[in-house]
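Student: Attaching a single structure in structure tokens format; questions to follow.
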Amino acid sequence: MPKKLTICRCKEITEEEIVSAISQGARSISAIKRRTSAGMGLCQGKSCGRLVARIISEKTGVPIGELEPMTCRPPIRPLPVRVLGVKDDEYE
């Protein structure tokens with residue numbers, strides 16, 4: 001039995017699952033994300049986003065540059081402004 005290739009390490013999503021989502025109609029990185037949860041892990045797609053885009057491109061024939069980029073979401077937890085690189089006194 002061939003070894004399954006893990007594309008999204010955070011969520012343990014395999015290439016087989018990505019290809020299956022494409023065959024069911026997913027044609028963008030965001031659609032793959034919604035169907036499989038690839039890109040929703042701790043790294044937020046920084047590790048798997050390009051791999052997912054490459055697989056979509058290979059299976060659909062759409063050049064990577066023409067694919068819609070993955071949607072980004074703000075951090076889940078509240079962050080102090082200083083973490084974002086802005087000094088607290090700039091807002092006083």
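Readers should treat all values here as calculations from the given coordinates under stated rules, not as data from a laboratory. The shown structure was predicted, so the numbers you read here are calculated from the model rather than taken from an experiment. Using ideal geometry, Cβ is built from the backbone for each residue, glycine included, and neighbour counts are taken over all protein chains shown.
Student: Pull up all non-local amide H partners of Ile7: gap of 5 or more, or a different chain, and H-to-H distance under 5 Å with H placed in the peptide plane.
Tutor: Residues meeting the amide H criterion: Ile13, Thr14, Glu15.
Student: Return the FRET efficiency for the residue pair Arg34, Lys4: r is the Cβ-Cβ distance, R0 is 30 Å, and the value is rounded to the nearest 0.05.
Tutor: It comes out at approximately 0.90.
Student: I'm a student and want to see the number: the projected area of the Cα convex hull of the stretch 1-67, averaged over all directions, in nm².
Tutor: Reported value for the Cα convex hull: 4.3 nm².
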